[in-house]
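The values are calculated or read from the model by the stated rules, or taken from the named source; none is laboratory data. Since the model is a prediction, treat every value here as computed from it, not as a measurement. Cβ: placed from backbone, ideal geometry, glycine included. Neighbour counts: every protein chain shown. For the accessible areas, the whole protein counts, side chains as well, though only heavy atoms, and no ligand, DNA or RNA atoms are used. Shrake-Rupley method; radii C 1.70, N 1.55, O 1.52, S 1.80 Å.
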Amino acid sequence: MRSMRVNDENFLELYLKEISPQIQELDIVIKSIGIDEPLPMVDASTALCITIDELSEIMCRLGISEIDKPAFLRIMKEASSPICRMYQRELEVGLPYIYTPEDIAYIYELPLEDVNQTCERLGLIYITSYTLPDLFCNVHI
């Protein structure tokens, strides 16, 4: 995610402008997938920020014929967009309730040294969803 833009804003500003809206959109899409009505491919590719061709290739490789909620999440695990790669990294660290600085640096592609220094300055040993905003607003990109 770090490669999106580099200037003197803090990571919280970038997160709120670019990452959070994508997460919210994905959440809405997942919640709107009906039990009897699969998600159209164009809607899935738009939400996942991937091409129809990439979506078709993933569906073919995974043996998915229509996109329901479980299929959408399986596709997210394979897709190449920045938001999907962030989701994949989150899964790799085990979707923890408590994150280490290493987890945060890895998931959000932030320099580990910056995250460690910020955690030290803020007195954070472990990070939760409640302390992420404090951390993010003190990490400059």
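Under the condition of being open to solvent by 40 Å² or more (accessible area, probe 1.4 Å) and not basic (Lys, Arg), the residues counted in region 101-141 number 21. For Leu73, the stated conditions hold: it is open to solvent by 20 Å² or more (accessible area, probe 1.4 Å), in contact (Cβ under 8 Å) with a residue 40 or more places away in the chain and either part of a helix (DSSP H, G or I) or touching a helix residue (DSSP H, G or I) at 6+ places or on another chain (Cβ under 9 Å) (or both). If you take the residues in region 40-53 that are assigned to a helix (DSSP H, G or I) and either open to solvent by 40 Å² or more (accessible area, probe 1.4 Å) or in contact with a Cys (Cβ under 7 Å, 6 or more places away or on another chain) (or both), which one is nearest to Cys84 (Cα to Cα)? That would be Leu48. The residue list Glu37, Glu57, Glu78 contains one member that is surrounded by fewer than 20 Cβ atoms within 10 Å (Cβ to Cβ), at pLDDT 95 or above, of a type in the set (D, E, K, R) and not in a helix (DSSP H, G or I), which is Glu78. Set side by side, the residues Ile64, Ile58, Ile125 differ, and just one is over 21 Å from Glu13 (Cβ atoms) and under 19 Å from the mean Cα position of the chain (by Cα), which is Ile58.
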